[in-house]
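Read-outs: derived from the displayed coordinates by stated rules, not from any lab. These numbers come from a predicted model, not from an experiment. Don't worry about glycine lacking a Cβ; one is built from the backbone with ideal geometry, like all the others, and counts go over all protein chains shown.
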Amino acid sequence: MPGLAAVTARPAPAAKPGFFSRLKSGDQVAYLITLLFAALVLLIAVLIFYVLWQQSDLARQKFGFSFFTSTQWDHNGDNYGALPFIYGTLLTSFLALLFSVPLGVGAAIFLAELAPPKISNALTFMVELLAAVPSVIYGLLAIFTLVPLLRNYVDPALKAAFGFTPLFSGPVYGVGYLAAGAVLAIMTFPFIISVSREALLDVPREQREAALALGATRWEATWQAVVPYAKLGIMGSIFLGLARALGETMAVTMVIGNTPKISASLLSSGYTIASVIANEFAEASSDIFRDSLIFLALVLFLLTIVINGAARLLIIATTKKGSST
Amino acid sequence: MKRPEFLGLALAASLFATAALAAPRIIAAGASFPYPIYSKWFSEFKSEKGVEINYQSIGSGGGISLLTAGNVDFGASDRPLTDAEMGKMKSKPVIFATVLGAIVPIYNLAGVKQDLKFTGDALAGIYLGKITKWNDAALKAANPGVNLPNSDIVVVHRSDGSGTSFVFTDYLSKVSPEWKSKVGSNQSPNWPVEGMAAKGNEGVAGLVKQQPGSIGYVELNYAVQNKMAYGLMKNAAGKFLKADLPSVTAAGATAKTVPASITNAAAPDAYPISSFTYLLIPSKIDDAAKRTAITDFLKWMLVKGQSYNEGLDYAKLPPSIVASEQKLIADIH
């Protein structure tokens, strides 16, 4: 883009062409300032890692790798392990995506491709509204409506139908993995719709028209020509939803039951990393207890990095195949 | 009354210090259970004496750590300090009981209209997972004539570390040797029973309200203010009592000094799951203006402050404790 005033109206060369004279060029200033902002992102991430690493020192030294495999959460003996929390975090996030991906992507396809513009705009506004609701509100709604619904109707029905499998065995409380997964699904749903819809809208018209010209029906054009083209954006929306699900604290704490154990049953109560930190950090009385909670935070941080890294690899792998175009 | 002179405050950390302040500004933090009465006290004290005390309700553990780190002028805690915590303090704190609270059992049994009676043994049995049905013999024996259902008991407890859990397990440890050896008293106990946990009094109350057949425990003033039904407890003298403020003060009167555990107190009209909550005041306060302000507050709290307690559903300190604490103020230098 030529024609920027600052570039064309370059001042006469100064006597000493040093740093400051170079700064007079607007491009340089903009470059430096924005670089600084971008570097902040890296700096914050590194600082978080450093602080978590340093503050979890006692727990890392005492438990080492066994922290990841131990199911103990013993306050009296000061013996801590992360496995029930890792399990709960991954399971609830997985359940959330299981529900919200088909619903969210489906809704995005409708809003971007099929709905009349008026309806699409109104609904998109509502979706953005949903994304802005604080998580504690979702938690309260879950306690007062979702949990009774699960306890009185959904859980007993699941137990009656599939009670012979370990997935739906045990007593029915209403709170538990399934309730947490369901509330997370509701919370990730607007993110997935919003970002997927943008991705679908970015698909060039020609893509759709070409499919229609070849005799495809409207749905065939959408499903076979438009959606694959927007695959990257849709995957991005899913990982954004996943990131929210992994770190969500309040709403999950309110409905998961907060018991540090591993159970195959989705109806059973459990715990997540973010919930246990929220519950116990304020009253972590001994140093090793506190350090173990910070170690858990480090585990969550690493978990997020690993999952996001895997997502990147997945995206790179699929783009290389060129399947999208 | 002597008004503390304005001194150049060494409040480097405080962003709030304003030049026009006529008195030292005091920062305190700790227990959330007494927060409503403390904020009432601090606002009354400010309007009477002009001294502002800023209290952060962040939990007992947080109050203890901030006091240890020297970030607050005094702390507040629902439980006495452990030896390890005491050892880390730069200046050994003087401990003042301020108000009393109690813990009551709440439950959700649709068919039962009467208030249920619990013995310590039965409550320990339920929380140990040994009593699993509402029509267990131990519960039936304490509640003759009540039609207890043959349904499972769902146990609800706190998920956050809490002074409430500490007092509750302290009581169970006194009435049940098995509880004492298996679990003991702890602000975040290792609950031996399969159940559900929720954050705060409101979380436990919410779960119990929702879950048929459940039992939980909350602070008395929380139950009173939310008009919840709660059970009677059998005290050490063998009497079933429904917790109220006089019965909690009666339990406090059994203590000779503070801090003291007053669960399962021996007095005939003492409610058994009662406890003090405390202020932790450093024994050495270098800033003279702050020292005067804090000791003034303590004197005020022990006399006039106590008159606000019952309006906010906190039990008053018994006169014996007030007298002994008035002498304790002299230990602050």
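Brief remarks follow.
- Inter-chain Cβ neighbour average for residues A:282-291, partner chain, 10 Å: 6
- Taking Cα centre as origin and charging only the Cβ of basic (Lys, Arg, +1) and acidic (Asp, Glu, -1) residues, the dipole magnitude of the stretch B:102-274 rounds to 200 debye.
- For the stretch B:102-274, DSSP calls about 55 percent of its internal beta bridges antiparallel.
- Estimated 222 nm signal from helices in chain B, with DSSP H stretches of n ≥ 4 weighted -39500 (n - 2.57), rounded to 500: -10000 deg cm²/dmol
- Take every DSSP beta bridge whose two residues both sit in the protein assembly as shown; close to 60 percent of them are antiparallel.
- In a DSSP loop and with at most 14 other Cβ atoms within 10 Å, there are no chymotrypsin sites (Phe, Trp or Tyr not before Pro) in the stretch B:164-250.
- Positive contributions from Lys and Arg (+1) and negative ones from Asp and Glu (-1), summed over other residues with Cβ under 10 Å from the Cβ of B:Lys290, come out at -1.
- Positive-end ranking of B:Val208, B:Pro24, B:Tyr278 along the dipole of chain B, with charges on Cβ about the Cα centre, is headed by B:Tyr278.
- Whichever lysines have a C-alpha closer than 27 Å to that of A:Lys231, once near sequence neighbours (fewer than 8 apart) are set aside: A:Lys118, A:Lys320, A:Lys321
- Using just its DSSP H runs of length 4 or more, each adding -39500 (n - 2.57), chain A gives a mean residue ellipticity at 222 nm of -20500 deg cm²/dmol after division by all residues.
- Exercise: per-residue mean of other protein chain Cβ atoms within 10 Å, B:284-294: 0
- By the rule of a C-alpha distance below 23 Å, with chain neighbours fewer than 8 residues away ignored, the lysines paired with B:Lys113 are B:Lys133, B:Lys140, B:Lys209, B:Lys227, B:Lys234, B:Lys239, B:Lys242.
- Take each residue of peptide A:255-263, count the partner chain Cβ atoms within 10 Å of its Cβ, and average: the result is 4.
- Degrees, to the nearest 10: B:163-175 long Cα axis against longest axis of chain B: 50
- Projected onto their three principal axes, the Cα atoms of the stretch B:102-274 cover extents of 45, 34, 33 Å, largest first.
- All-pairs alpha carbon distance profile, the stretch B:203-333, 10 Å steps from 0, percent: 11, 34, 30, 17, 7, 1
- Ranking A:Ala131, A:Ala179, A:Leu158 by how far each Cα lies toward the positive end of the dipole of the stretch A:126-260 (charges on Cβ) leaves A:Leu158 at the top.
- Lys/Arg +1, Asp/Glu -1 at C-beta; chain A dipole; positive extreme among A:Ile307, A:Leu40, A:Asn76: A:Leu40
- Helix screen, chain A: DSSP H segments with Cα axial length of 20 Å or more and mean Kyte-Doolittle hydropathy at least 1.0 are A:26-55, A:83-109, A:177-201, A:231-247, A:287-321.
- By the rule of a C-alpha distance below 22 Å, with chain neighbours fewer than 8 residues away ignored, the lysines paired with B:Lys88 are A:Lys62, B:Lys284.
- If you bin all the Cα-Cα distances of chain A at 20 Å, starting from zero, the percentages per bin are 25, 46, 24, 5, 0.
- Dipole size of the protein assembly as shown about its Cα centre, with +1 on Lys/Arg Cβ and -1 on Asp/Glu Cβ: approximately 440 debye, rounded to the nearest 20.
- Compactness of chain B was expressed as the Cα radius of gyration divided by 2.2 N^0.38 Å, which yields 1.06.
- Point-charge dipole on Cβ atoms (K/R +1, D/E -1) for chain A, about Cα centre, debye to 20: 860
- Taking every Cα-Cα distance in the protein assembly as shown and sorting them into 20 Å bins from zero, the calculated P(r) comes out as 16, 40, 31, 12, 2, 0 percent.
- Loop trypsin sites (Lys or Arg not before Pro), the stretch B:144-222, which have at most 15 other Cβ atoms in a 10 Å radius of their Cβ (DSSP): none
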